[in-house]
Amino acid sequence: MTGTTRSSAGLDPRRRRILYRSWHRGTREMDLLMGRFADALISELSEEDVADFEKLIEVEDPDLFGWINTGVPDPAFDTPIFHRFRLFHLSGEGVPEI
């Protein structure tokens, strides 16, 4: 079980790959962070955001987790999608209801 709550039906192949990759990063904690964000927003991201999110998926988990905590990413990843991703989780939007 991946944890995804979203079907990939209706997504173009690129977004399907991103959705899958978001839920299969390596550590379960980062799978949950990236996967929940992708589940919620993958269909509404612009092409530029999709490209930036693809790059963000490739960042090593410890680095990405540190950037989320500090709000200071590597300059190459200081994009609107990173800040949207970070806010998604810090606001509680990315936390499932119990």
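The values are calculated or read from the model by the stated rules, or taken from the named source; none is laboratory data. These numbers come from a predicted model, not from an experiment. Don't worry about glycine lacking a Cβ; one is built from the backbone with ideal geometry, like all the others, and counts go over all protein chains shown.
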| said: For segment 65-78, check the following and say yes or no: at least one residue is in a helix (DSSP H, G or I), modelled with pLDDT of 95 or more and under 12 Å from the mean Cα position of the chain (by Cα). | reply: no
| field | Arg36 vs. criteria modelled with pLDDT of 90 or more and basic (Lys, Arg) | value | yes
| query | Being of a type in the set (A, V, I, L, M, F, W, C), surrounded by fewer than 18 Cβ atoms within 10 Å (Cβ to Cβ) and part of a helix (DSSP H, G or I), is that true of even one residue in segment 16-25? | reply | no
| request: Could you check Gly35 against (1) on the phi < 0 side of the Ramachandran plot; (2) out of contact with any Phe, Trp or Tyr (no Cβ under 6 Å at 6 or more places or on another chain) and say which number it fails? | output: (2)
| remark: Here the residues within segment 62-82 that are buried (at least 16 other Cβ atoms within 10 Å of the Cβ) and either closer than 18 Å to Pro13 by Cα or in contact with an Asp or Glu (Cβ under 9 Å, 6 or more places away or on another chain) (or both) are Trp67, Pro73, Phe77, Thr79, Ile81, Phe82
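Answer yes or no: is there a residue in segment 83-96 that is in a loop (DSSP other than H, G, I, E, B), loosely packed, with under 14 Cβ neighbours inside 10 Å, in contact (Cβ under 8 Å) with a residue 60 or more places away in the chain and not aliphatic (A, V, I, L, M).
Yes, segment 83-96 has at least one match.
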| Looking at (1) surrounded by 13 or more Cβ atoms within 10 Å (Cβ to Cβ); (2) in a helix (DSSP H, G or I), can you tell me which one Val59 breaks? | (2)
